[in-house]
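Encoded as structure tokens, the structure appears first; notes follow it.
The values are calculated or read from the model by the stated rules, or taken from the named source; none is laboratory data. Please read these numbers as outputs of a predicted model, since none were measured by experiment. Note that we place each Cβ from the backbone using ideal geometry, even for glycine, and neighbour counts take in every protein chain shown. Note: areas computed on protein heavy atoms with side chains; ligands, DNA, RNA excluded. Shrake-Rupley method; radii C 1.70, N 1.55, O 1.52, S 1.80 Å.
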Amino acid sequence: MIGSQIPWITTIILLPLLASLAIPLIPDKEGKTVRWYALGVGMANFLLTIHAFWRHYDLQNSQFQLQETYSWIPQLGLNWSVGVDGLSMPLIVLSGLVTTLAILASWKVNRKPRLFYALMLVMYSAQIGVFAAQDLLLFFLMWELELIPVYLLISIWGGEKRLYAATKFILYTAAGSIFILVAALAMAFYGDTVTFDMQQLAQKHYPMAMELAVYAGLLIAYGVKLPIFPLHTWLPDAHSQASAPVSMILAGVLLKMGGYGLIRMNMEMLPDAHIRFAPVLAVLGVVNIIYGALTAFAQDNLKRRLAYSSISQMGFVLVGIASFTALGTNGAMLQMLSHGLIAAALFFLSGVTYDRTHTLAMENMGGMAKQMPKVFALFTAGAMASLALPGMSGFVGELSIFLGMSTSDAYSSSFKVVMVLLAAVGLILTPIYLLSMLRQVFYGTAKMEFSMDNYFADANPREIFVALCLLIPIVGIGLYPKLATQTYDVKTVAVTAQVREALPVIAQERTNLYSGKFNAPSLPKAKAQPLLGIVE
């Protein structure tokens, strides 16, 4: 079959990158031609992605598919090895959708438009490369490539403190990347064979001390990107200074790289270490949920409030990953997809609001619902999705995570009750800070003069289209979750089963966890409940 012989994944990765190289050659003074060109490339690549997965991807196969391997730099053992499975395929689709819409959202960029759209296309390629890479060294290179466009997009097109925010972003994320490189080299050179192939690395049997050290290093790297408290402080500054289209990609796609890395490497490749670290992930997830929600409530800046909301929402991903249940892992994947759509919609609408008011200070807003009813309706729908209103994707993801953790047989009842109750506090705080945000921005007495000129005109057709392209799948997944879950369910079940195979072994080893405070009990092999014996 001719279609199966086409290098689909390589084409999808390289098309935006190669197309960006042609932008300097396009005759265009005002940037109008360049933006249409960038949008056309984004749409073409997204449609190509949908076609490739629709025709050539088997949803019932948990193994890598559409694999392509080419020798790149044999002296370094670096291969161009790419492919997709249930963990990467839905995130690649999310990347294509959000990035294409972000290009459309940046329609009014008139400062250095060639450079702006070229960077957007380079970032598009890097995102897909991260999710598709099967060679750990290639994964690292794609991870690093993604940092450069984000840094430039914030530092050139950001707000007043853009240089500070961009520098903080690059320092945090580049420092975290060092741990990925060290972990890759340690895993590659261990044993009789030197390889960076992820599937071969997963088959190696590492000493427990080494596996724990590698896991800890990767946790730091992905914890910066997710972000996990206290490695999160770069995110609010980056969001508050970045333009709305960049914030869409930052929240909608880049944060998901952290969650993807935790499942792909920490959980799938290092299952023994994951069993020991899982309770720590659960605790860090709960801390993220409560800390992010409380801090969001204290923010007067609209985008900083949404940034801390993202920190809180990504805490649920950690809880799901730590649950040792297929339902919890499924919930973590759905939460990433759901948050990617919701956060992209909210940051886009915050940019629409800023275009009209030229301020992000909520104390200077108010009474805007009458002046901009369409923006108000779209913003309200996005906020309802973020607070997990039933019928929207956020509700399904968080419910799956709660059920996954509460039904896990790996933890004691007391530990599960504490984790679930503390995480539920986030469900109470989220509506408070989101509804308060809507009240301050759209209700009450107007605090600035409104006129129906270009500043305070309601949402135009382009802006409505971008928002609906994000809100429609949010509602669709909320009403029929299988639209999303069928893309990764087989894979997450397989990964969870792989981790659970090691649980009885770890329980029998009576491993002293976390400075002697948590001990795995000595239990009969036929029955080990709870297997980790956390706080019993």
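Once the C-beta distance of R439 and K108 is scaled by a Förster radius of 30 Å, the resulting FRET efficiency is 0.55 to the nearest 0.05.
Rounded to the nearest 20 debye, the dipole size of the range 295-422 about its Cα centre is 280 debye, using +1 on the Cβ of Lys and Arg and -1 on the Cβ of Asp and Glu.
Candidates M123, P113, L136 compared by Cα position along the dipole of the range 107-165: farthest toward the positive end lies P113, with charges placed on Cβ.
Largest to smallest in accessible area, the residues F297, F376, F139 fall in the order F297, F376, F139 (1.4 Å probe, all protein chains included).
Principal-axis analysis of the Cα atoms of the chain puts helix 32-56 at an angle of about 30° to the longest axis. Taking every alpha-carbon pair in the range 317-385 and binning the separations at 5 Å intervals from zero gives 3, 15, 19, 18, 12, 9, 9, 8, 5, 1 percent.
A Cα-only calculation for the chain places Rg and Dmax at 22.8, 75 Å. Against the chain, whose longest principal axis comes from its Cα atoms, helix 373-386 is set at around 10 degrees. The modelled label-to-label distance for the pair L14/E144, using points 7 Å beyond Cα in the direction of Cβ, is 2.1 nm. Ligands, DNA and RNA left out, the 1.4 Å accessible surface of the range 191-341 is 66% carbon and sulfur atoms.
With the convex hull of the Cα atoms taken as the outline of the range 83-220, the averaged projected area works out to 9.4 nm². Gain on full extension, evaluated as 0.36 nm per residue between I428 and K482 minus their Cα-Cα distance, stands at 16.7 nm. Kindly state, to the nearest 0.05, the FRET efficiency for M210 paired with D409, given R0 = 35 Å and r defined as their beta-carbon distance. Result of the calculation: an efficiency of 0.75. Charge dipole (Cα centre; +1 on Lys/Arg Cβ, -1 on Asp/Glu Cβ; no other charges) of the chain amounts to roughly 860 debye.
Kirkwood Rh over alpha-carbon pairs of the range 43-157, then Stokes-Einstein at 37 °C and 0.692 mPa s: what D in µm² s⁻¹, rounded to an integer? Here the translational diffusion coefficient equals 213 µm²/s. Look at the alpha carbon pairs under 8 Å that are at least 6 residues apart: their mean separation over the length of the chain gives a relative contact order of 15 percent. Farthest towards the positive end of the charge dipole of the chain, among the residues Q203, G258, I474, is the Cα of I474, using unit charges on the Cβ of Lys, Arg, Asp and Glu.
Based on Cα contacts under 8 Å between residues 6+ apart, the range 90-204 shows a relative contact order of 23 percent.
A helix-only calculation puts the chain at -22000 deg cm²/dmol for mean residue ellipticity at 222 nm, using -39500 (n - 2.57) for each DSSP H run of at least four residues, averaged over all residues. Accessible surface for the chain, divided over its residues, is 38 Å² per residue with a 1.4 Å probe.
Summing Lys and Arg as +1 and Asp and Glu as -1 over all other residues whose Cβ lies under 13 Å from the Cβ of A22 gives a net charge of 0. Fully extending the segment from K161 to A174, taken as 0.36 nm per residue of separation minus the present Cα-Cα distance, adds 2.7 nm. Across the options I170, W157, G444, the greatest Cα extent toward the positive end of the charge dipole of the chain (unit charges at beta carbon of Lys, Arg, Asp, Glu) belongs to G444. If you fit an axis through the alpha-carbon atoms of helix 413-442 and take the longest principal axis of the Cα set of the chain, what angle between them do you get, 0 to 90°, nearest 10? With rounding to tens, the tilt is 0 degrees. The modelled label-to-label distance between V490 and Q200, using points 7 Å beyond Cα along the C-beta direction, is 2.6 nm.
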